[in-house]
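Please read the structure below before turning to the comments.
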Amino acid sequence: MRQTLCIIHSQITRFFSVRRNARVFSLVKIVLLAIVALVGQAQTIAAAISAEPPGQSSRKTPFIFSEIMYNPARLTVGSNTLSTEFVELYNSNPFYEDLSGYKISGDIDFMFPKGVGLAGLSRLLLAKSTNDFQLHYNL
């Protein structure tokens, strides 16, 4: 598209340079530049929408905390207050990775047992309260 607009621009330039009508030429040139700018912005927006998946944050591990819900809105069901805090773990490698021995500590305290892993380019949710999480998100 951009190449086509450049060809059109060069043809219009030749046409108006022969006719010597500077006022019309300037107006057409401004319109063409605006179209080229809009096409460029559309390509930039399309590139942002089809962004690459998250990559690893260090070379020590392929795992990423891709989402952290650390302070959710207070939810009450009956007289119970739900705990819907969670972290989402993402494996940025395209192949299976073993999680055995990895530990997450803080408000969510969890150690992955031996033999647990995560498939390539997959996500895993760890919730502070599995029951509350399932109740709130209808899982």
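Coordinate-derived values only; no laboratory data. Given the structure is predicted, the values throughout are model-derived calculations rather than measurements. All Cβ positions, even for glycine, are placed from backbone atoms using ideal geometry, and neighbour counts span all protein chains on display.
Is it the case that some residue within segment 114-127 is farther than 21 Å from Ser58 by Cβ, assigned to a helix (DSSP H, G or I) and not charged (D, E, K, R)? No, because not a single residue in segment 114-127 is farther than 21 Å from Ser58 by Cβ, assigned to a helix (DSSP H, G or I) and not charged (D, E, K, R). The set of residues in segment 88-106 being in contact with a Ser or Thr (Cβ under 9 Å, 6 or more places away or on another chain) and closer than 27 Å to His136 by Cα consists of Glu88, Leu89, Tyr90, Asn91.
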